[in-house]
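The values are calculated or read from the model by the stated rules, or taken from the named source; none is laboratory data. Everything quoted here is computed from the prediction, not taken from an experiment. Backbone-built Cβ (ideal geometry, glycine too); neighbour counts: all protein chains shown.
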Amino acid sequence: MFLHLFVISRSGGLIYNKNLSSSAPRLTVNEWLVLGSTFHGLHSIAAQVAPLASSGIEKLECDNLKLQCFQSRTGVKFVLTAEPGTPDLDNVLHGIYELYADYVLKNPFYEMDMPIRCDLFQQGVERLIERNSRELKKARSDA
Amino acid sequence: MSSSSSRSAATRAGDQAWTKMSKMNAELFNLTYGAMVMQLIRDYEDVQAVNQQLETMGYSIGQKLVDEFLAKSGVGNCANFREVAETLAKVGFKMFLGVVVEVTAWNAEGTAFSLQVYDNPLADFVELPPQYSGLVYSNILCGVIRGALEMIKYQVECRFVKDGLKGDEVNEIRVELRQMVDESFGEEYNEGA
C-alpha cells in the first residue's frame, strides 16, 4: 500500500506532501519540511559521489519501507513511500508528474517553486492513488 | 544513415505527441493572440517594449510548458545539443503548434542553429502595417524556447532572423547556446572538493 507522497522543488524545498494511508507515520509539517530538504541533499550527494554519471537516489528498499523517487529533467522530485512488496511505483510517479504538469503548472496563479495549493491537483492525486490501490488489491486477491 | 533514422524517429514521436494533445479552434487561438499583441501595443506604445514583453511572457510559458512536454511526449534523454534541437523542432513544435519545423544552419561549434518555421500558426491573418514595422509579432515563440530550454539547463539566446510578415519566404528563429546551467552545487563547491 502507498504511504506518503512528497514533492521537492528544484531548489530543495518541500512544495507538497500528502498522507496516503492511515498507517503512514504522523509527522508535523515542519518535520516533513526537514525530511524533504534532507532527502534533496542526500540525493545530490548520491549523484556526486557515484563513480559514473548518476541521476541520484531512485529507490530505497528496507525491511519495512519502500521509497521511490522520480526526478523530472527540470529538477522537481516526486517521492513516494509504500509498504515493502508494493510493485514498481514508476507508473504512479509518472502519473503524478503528468498531474503536476496539468493542474499545477498550467494554473496561471501558481508560482514556480512555491508550495502547491491546487485543489484540482489534490483531487487528481487522490483519484490516481485510489485507482492504483484498487488495482493492487485486486492483483493481490487474484494471486 | 543513423542521423536520418533518428530524424524520422523524432518526427514519429512528434506525430504521436500531437495526436495525444487536446486541440482547440485555431481561429480562437489566432484572435486571442492578436488581441493580446494589440493590447500590448496600446499599453506600451513602443514596439521595442512590446517585443520585449512578448519575449518575457513566452519565457514564463516556456518554463511551465517544458514539464508538460517531458511528461507527455515520451521522448528520452537528449545526449547533446543537436538532439535537443531535433527534439525541439520535430516533437516540441509539432506537439504544441502542429507545425513542421526544420533545423538548419548549424555553426561549426555546434552551439547555434536555425529553426525554419514554414507555417506560423500565430500569423495566419496578420498583415503588418508600416508604422509597426519594428514589431516582432511572434516574438513570444523566442521566449517560449528560451524558457523551456533553460529549465533543462541549456541557456540560450533566441531571435527572429527572418519573418514571413516582413516579406521573407520563411520564418527563421536563430537559437544560440550561451552556457549550460548547473544549479546542483555550483562551481566553487566542485573546485573545493
Neighbours by Cβ (under 6 Å, 6+ apart or cross-chain): first from the stretch A:59-88, without any contact (Cβ under 8 Å) to a residue 40 or more places away in the chain; second assigned to a loop (DSSP other than H, G, I, E, B) and exposed (fewer than 14 other Cβ atoms within 10 Å of the Cβ) | A:Lys66/A:Pro84
The residue that is nearest to the other protein chains (Cβ to nearest Cβ), considering only those in the stretch A:84-95 that are in a loop (DSSP other than H, G, I, E, B) and under 14 Å from the mean Cα position of the chain (by Cα), is A:Leu89
Scan of the stretch B:133-155 for residues that are in contact with a strand residue (DSSP E or B) (Cβ under 7 Å, 6 or more places away or on another chain) and either over 20 Å from B:Gln48 (Cα atoms) or exposed (fewer than 13 other Cβ atoms within 10 Å of the Cβ) (or both), ordered by number | B:Leu149, B:Lys153, B:Tyr154, B:Gln155
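For (1) more than 25 Å from A:Phe70 (Cα to Cα); (2) in contact with a Leu (Cβ under 7 Å, 6 or more places away or on another chain), each residue gets a yes or a no:
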{"residue": "B:Cys78", "(1), (2)": "no, no"}
{"residue": "B:Gly92", "(1), (2)": "no, no"}
{"residue": "B:Asn107", "(1), (2)": "yes, no"}
{"residue": "B:Leu122", "(1), (2)": "yes, no"}
{"residue": "B:Phe125", "(1), (2)": "yes, no"}
{"residue": "B:Ala148", "(1), (2)": "no, yes"}
Sort out which residues of the stretch B:91-115 are closer than 21 Å to B:Ala26 by Cβ and either outside any loop (DSSP other than H, G, I, E, B) or at pLDDT 90 or above (or both), and write them in order of number.
-> B:Val91, B:Gly92, B:Phe93, B:Lys94, B:Met95, B:Phe96, B:Leu97, B:Val101, B:Leu115
Specify which of the listed residues (A:Ala46, A:Ala143) is surrounded by fewer than 17 Cβ atoms within 10 Å (Cβ to Cβ), free of Cβ contacts under 8 Å to residues at least 12 places away in the same chain, within 14 Å of another protein chain (Cβ to nearest Cβ) and over 26 Å from B:Ala148 (Cα atoms).
-> A:Ala46
Can you name the strands (runs of 3 or more DSSP E) wholly within the stretch A:1-69 that have at least 2 residues being over 18 Å from A:Tyr100 (Cβ atoms) and touching a Leu at 6+ places or on another chain (Cβ under 8 Å)?
-> A:59-61
Being without any contact (Cβ under 8 Å) to a residue 24 or more places away in the chain and surrounded by 19 or more Cβ atoms within 10 Å (Cβ to Cβ) is the filter here, so list the residues in the stretch B:95-131 that pass it.
-> B:Val101, B:Val103
